[in-house]
Every structure is written in structure tokens, then in C-alpha cells.
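Novice: Input: one structure, supplied below.
The values are calculated or read from the model by the stated rules, or taken from the named source; none is laboratory data. Owing to the predicted nature of the structure, the values given are computational and were not obtained by experimental measurement. The accessibility values were calculated without ligands, DNA or RNA, using every heavy atom of the protein model including side chains. Shrake-Rupley method; radii C 1.70, N 1.55, O 1.52, S 1.80 Å.
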Amino acid sequence: MQTGHPEFPVHCRVRRAARASAARLLACLVAAGCTAAEPPGTSGVTTADSAGVAILRVAGDLDALPAIESPSTVSLAGAPDDLYEGNPQPALALADGRLLLSDGRSAIGVYGADGAYTGTMARAGRGPGEFTSVGPWWRGAGDSVWLADHGTRRLTLFAPDLSYVRDLPMPPSSNTGGVSVVGGLGGDTTAVVGFTYTDRRAQAPGRYTDSVAVGIWRKGADSVGVLSPRPYTESAIYPAGSTPEGWGPLPFGNNAAFLTYGRCTVYGFSDRWEFLVEAPGADGALRPVAIIRAPGSAPAVVNDSIREWYIRTTAASFRSPPIAAQMEKAMRDHAVFPATVSHFARVFASRDGLLWVQRYRGASVDVEDSWTVVDVGGARAWRLRVPARARLLAVDSARALIAVRDADDLETQHWWSLPAAAGSAMLPACRPD
């Protein structure tokens, strides 16, 4: 396992972006399924519940899973030092080995399979083929790219050579709700999340729940429709005197996930280490494909030291001292902490069907990171450890894009080869386009 290499070329100067985490807490009710006993020497077992939904149970002791070793790295290099003015985070790996790396706003750098910078993709703006912000993006047929821009409220399709093809309008939003595009499925459908917000201006402060519907959108339709939605909830705290936007998600309760790979959708929720995988059938309706769970993964109890650590490290992530002080005061005055830390933080899905689940490590990157890698189709699982001051940006088959930050806040990005995770097979219903 690599622990950081000072000889890696420094090609991108990065500072922590001054923005708070705004991921939503989603709670999902999943039908309970029975699981068979785990055979000796395996990390899980696939069986089915009464509805025919496959059950994959990951070993309860995630630290005991076999480790993925990284014998070699490929460093991203050659980009101008000022290409990324913010915090490079959204990344998209293409099937031919190319990588698209963005700061989420005005820059998308293109890198070859060898890690060499080859130029930029599109440009900032509101014209055809331009964008104002990089929202969700995904690989379409071949190596075409769909990019959702919530600033211009449109989806843009780029050809495999990354040239502009066409735009599709996204549905209008309002103060009381809207639809957010979150990923691509198969054929002419896209995964969407619809939100309905409650007007709290005339209500007492406290905890409120908004309705969230997850479904699919047929891109070719004249009007956007969320088909066969699944009900979810979003819980947040709204202190006295706040605007309708309020304080935001609960600390440690903002770690839900909704993402796609191939024609599958993956839902994650933070009350336990469990995920529901669904895919649209021939009629467009979402149907359960698999449930993945790690029942032995116990969350940590939130005590005074954890609360203090969370407040201080979250506030310290803001570069502006006045903003950091305001954030610290707001958290001390208004934040309501749950009894336990969530089981997981982020979730990735690679195109070959590997599910990557990050153990919660808090607001700081100065501690070691731990990921559980689950082969959905083969009932196998591994663990990957990422050193302190590093973060995982993207996954693709047997590679992981790791960003390493040094003491001067300079960040470099590198592909880690992960041969132990190669060759996984997906569930038949989840094959990519």
C-alpha cells in the first residue's frame, strides 16, 4: 500500500474549498430478507428472499477482509498549475483509460491512460456545449459523456472524442421542489431524484422531514416524468430565526448515497450498513435486484470528544477565519448530534459492478481512510486503506484515483492499480450499456 511519495510531480496547487458538506440524509425501508450461513473462508454469500431478490451479506468484521494491495501507480501530470482553481473532486473514468478531472465549476482536464494531460473538455459558459458547473456526469454508449449542469438546467451529450453533440432541457425547479438528475441508466432513461420541500417560515423550529422520490426520467419525452418513484425522507434541523433553508443536514446523518452503474441504481442510507440495488424493467418500473448488508458493522457512539472534534475540524476546513468562526458558532448553537456516527460516508460504483463504500472518517483528511470494496455479482469483498492526507476521487475497474496532499497543501493525483479486485462479474440485470 502506498503511503505517499514526495517524488511524485506536483502539477496542481489545491486549497481546501470553503464549502460545507451538504449531502442529504435519506432513510429507506427495505424488505427484510433471510440469509444463509456464510461458508468458511468466504466474505459473503448470495441467496434470495421470498420475492427473489438476491441477498449479499458482507462479513460483519470489515477489517478482517483481505486487503487490496497497490503494487504500482500512474501519476497525473502535465496540467497547468492554475487549471483547477478550486478543489478537484468530480472525476469520470472512461472505458479506454482516459480520465476527466474537474473542480466542479469551470475546468475539466482530460488525461490519457498513461496519466499525461492532453487538454481541456468544453469550456465555461451558457452556449452550446458549454457549462456553468459540473453536476452529475456519466459514461454513455461507447465513451460518450453525459453532463448534468444544474446552472443551465440542461443535460449535454458529448461524443467519445468529447465534442459537443446536443443538449436536453432539465425540468424546471421551484421553491417548493424540483427534480435533480443524478446518473444515467440504460437506453433512453436517466436516474432522477425529486424533492418536495415544506415551507417552514410559519412553523416552529425543530426537526423536519421533506419528501424525496427516486425514479427514472425518459430523456426523449416532451415532458419529464418521475416513473415508479420510491419514497425516501430527508431530515434536517431548523433553528429559531432561520431561513427556510435552515441549518441543513444533521451531523453524521448526511451520508446517504444514490448512484448508478450500467442500468442499475444503488441506494444507500446511513442508519445501517445496507444498500438496495434496483434496475428498471422493460416497463420502466424500478425493481429490486439485490440487497447488500454488513450486519456486524457497529457505529461508534458520539461522545463529547467526538462532537468537539467534528466542530473544530469542520470549521477549520474554511479558509476564511470569519467564516470559520461563524460556522463554529452555528454548530455550537444549533447542531443536534445523533447518538451514533454513521456507518459509512461516500459510495462509488465502478462500471464492472464493484461497490466502494467509505467508512466515515469525519471532516478531516488527516486520518487514515478505509474503504470496503464489494463484488456484487461474485459475493466477494475486500478492503482498501488510503493513507492520511489522501482521498479517493474515482474508481474504474481495477484502478482507484487517489489524491495526496502534502504539508504545503499541494495535491497530486495518481492511479493506483488494484489487481486483486479485477475480474469481477456483475449480476445479469446490471450489465453496462
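Novice: Provide the per residue accessible area, probe 1.4 Å, for segment 288-355, rounded to a whole number of square angstrom.
Specialist: 47
Novice: Considering amide H positions built from the backbone, and no H for Pro or chain starts, which residues 5 or more places from Thr118, or on another chain, come under 5 Å of its amide H?
Specialist: The list, which skips near neighbours in sequence, is Val110, Tyr111, Gly112.
Novice: Using modelled backbone amide H atoms (1.01 Å from N, in-plane), which distant-in-sequence or interchain residues come within less than 5 Å of Asp369's amide H?
Specialist: Val386, Ala388
Novice: Considering only protein heavy atoms, what per residue accessible area in square angstrom results for segment 120-165 with a 1.4 angstrom probe?
Specialist: Per residue, segment 120-165 has an accessible area of 40 Å².
Novice: Please report Rg (one decimal) and Dmax (integer) in Å for the Cα set of segment 257-334.
Specialist: Calculated on Cα positions, Rg and Dmax stand at 19.3, 54 Å.
Novice: Taking all protein chains in place and a 1.4 Å probe, what share, in percent, of the accessible surface of segment 109-150 do carbon and sulfur account for?
Specialist: Its accessible area is 53 percent carbon and sulfur atoms.
Novice: Okay, moving on. Quick one: pull the percent of accessible area on segment 307-365 belonging to carbon and sulfur, 1.4 Å probe, ligands and nucleic acids left out.
Specialist: 58
Novice: Taking Cα atoms of segment 54-190, Rg/Rh with Kirkwood Rh, to two decimals?
Specialist: 1.04
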